[in-house]
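To start, the structure itself, in structure tokens.
The values are calculated or read from the model by the stated rules, or taken from the named source; none is laboratory data. Only a predicted model underlies this, so the values are computations on that prediction, with no experimental measurement involved. Cβ atoms come from the backbone with ideal geometry, glycine included; neighbour counts cover every protein chain shown.
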Amino acid sequence: MSEALSGEEYRMLVEKAPILIWRANLTMACDYFNETWLDFTGRTLEQEVGNGWAEGVHPDDFEKCLKIYTEHFARRATFEMMYRLRRRDGAYRWIFDRGTPYSDAGGDFMGFIGSCVDVTERIEAQEALAKANEAEVNRLRGLLPICAYCKKIRNDKNYWEQIEIYISNHTDALFSHGICPECSTKHFPEYAKGTHKS
């Protein structure tokens, strides 16, 4: 059985945790940020406490962020939200923030504790994938000029290509040739009827 952490060990665990941690009191004002948060923002605890932390939230995200925070605080309900927070170098990073109510030993509501992680890489990867998918759809969208007789397609350089070549050049599709039952009956009736003799 492991030993309980001492007060100093617990404090170091919270301060050095690889996540940004905050705490808000009964007035909804924040009264604590761990070292990881302060290192991320490049600001002092004095600058962040109260509502100072909100100065780092991206202007486009502030209203939504504030609405979620105040509504859930009033209901004493756990919340999750994403917003952009200014890093110490001035770059805005996407933050996933989860806040949860906490109580004292007697069960009295004391405020909220929150933990945040930087999810910028994940957001950027999702956006890149969405753009790639959209580009793929756009590449295949629209009318294709196709010959009514030989079924060749006229490409964007005004050359006529076999449909297999055109699709291979514009998608990741691969082709495996065969003969459908209708064409088999039409072009090879002796095989379709089973009368062919080897």
Looking only at segment 103-116, filter to residues that are over 16 Å from Asp61 (Cβ atoms) and in contact (Cβ under 8 Å) with a residue 40 or more places away in the chain; which one of those is surrounded by the most Cβ atoms within 10 Å (Cβ to Cβ)?
Phe112
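Do we have Asn25 as of a type in the set (S, T, N, Q) and over 23 Å from Thr120 (Cβ atoms) here?
Values: of a type in the set (S, T, N, Q): yes; over 23 Å from Thr120 (Cβ atoms): yes.
Here the answer is yes, as Asn25 does meet what is asked.
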Filter segment 16-47 down to the residues that are in contact with a helix residue (DSSP H, G or I) (Cβ under 7 Å, 6 or more places away or on another chain) and charged (D, E, K, R), then identify the one that is surrounded by the fewest Cβ atoms within 10 Å (Cβ to Cβ).
Lys16
In segment 153-182, anything at pLDDT below 80, exposed (fewer than 13 other Cβ atoms within 10 Å of the Cβ) and in a helix (DSSP H, G or I) is listed as Asn169
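Report yes if Ala135 is at pLDDT 80 or above and either small (Gly, Ala, Ser) or over 36 Å from the mean Cα position of the chain (by Cα) (or both), otherwise no.
Working: at pLDDT 80 or above: no; either small (Gly, Ala, Ser) or over 36 Å from the mean Cα position of the chain (by Cα) (or both): yes.
No.
Please tell me if Asn51 is free of Cβ contacts under 8 Å to residues at least 60 places away in the same chain, in contact with a Cys (Cβ under 8 Å, 6 or more places away or on another chain) and surrounded by fewer than 14 Cβ atoms within 10 Å (Cβ to Cβ).
Yes: the conditions hold for Asn51.
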For segment 59-77, which positions are touching a Lys or Arg at 6+ places or on another chain (Cβ under 8 Å) and either at pLDDT below 95 or surrounded by 12 or more Cβ atoms within 10 Å (Cβ to Cβ) (or both)?
Asp61
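Can you pull out the helices (runs of 4 or more DSSP H) entirely within segment 1-55 that have at least 2 residues that are of a type in the set (Val, Ile, Thr)? Walk me through it before giving the result.
On the way: elements: 7-16, 35-41, 45-48.
Qualifying helices (runs of 4 or more DSSP H): 35-41.
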Considering segment 20-48 alone, what residues qualify as being in contact (Cβ under 8 Å) with a residue 40 or more places away in the chain and small (Gly, Ala, Ser)?
Ala24, Gly42
